[in-house]
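First comes the structure, then the notes that go with it.
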Amino acid sequence: MYDNMNINFVVFSLKYKTYIAIQAAVISSLLALSPVAYFLGHDNAEWMIGNAWWLCLVIAALEVGEATVAVTLAKKKFNAGSV
């Protein structure tokens, strides 16, 4: 149903399937990186490296929220235009 729907950003527009695929890849890579970052950097003195494991989780959660908002707004715009 939403094959022709576009997700609009500031400078570019993506088709629905492409946007979902990119978001799924970004979120899954962040979730996969989190345990690796924990085991490799949890006792590192550098703040960013030592806390990268939970930063990956927070960024993944923010990406989920951003994707939800973007898809919801695009669906509203798409449904309003198709009625």
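The values are calculated or read from the model by the stated rules, or taken from the named source; none is laboratory data. What you are looking at is a predicted structure, and each value in this text was computed from that prediction instead of being measured. Backbone-built Cβ (ideal geometry, glycine too); neighbour counts: all protein chains shown.
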Inset, instruction - Any chance you could count how many residues in the range 33-82 are surrounded by fewer than 11 Cβ atoms within 10 Å (Cβ to Cβ) and among the hydroxyl-bearing types (Ser, Thr, Tyr)? - result: 2
Legend entry - Members of the range 1-48 found to be within 14 Å of Ala74 (Cβ to Cβ) and among the hydroxyl-bearing types (Ser, Thr, Tyr), listed by number: Tyr2, Ser13, Tyr16, Thr18, Tyr19
Legend entry - Yes/no for Leu14 being touching a Ser or Thr at 6+ places or on another chain (Cβ under 7 Å) and of a type in the set (A, V, I, L, M, F, W, C): no
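Enumerate the helices (runs of 4 or more DSSP H) found wholly within the chain, keeping only those where 2 or more residues are aromatic (Phe, Trp, Tyr). I'd like the intermediate steps shown before the answer.
Values: elements: 16-41, 47-50, 52-82.
Here the list reads 16-41, 52-82.
Matching residues to (1) under 20 Å from Lys15 (Cα atoms); (2) at pLDDT below 90; (3) among the small types (Gly, Ala, Ser); (4) under 11 Å from the mean Cα position of the chain (by Cα):
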position	(1), (2), (3), (4)
His42	no, yes, no, no
Ala52	no, no, yes, no
Leu62	no, no, no, yes
Glu66	yes, no, no, yes
Leu73	yes, no, no, no
Lys76	yes, no, no, no
Ser82	yes, yes, yes, no
Inset, instruction - Find the residue count for the range 1-32, including only residues that are surrounded by 11 or more Cβ atoms within 10 Å (Cβ to Cβ) and among the charged types (D, E, K, R). - result: 2
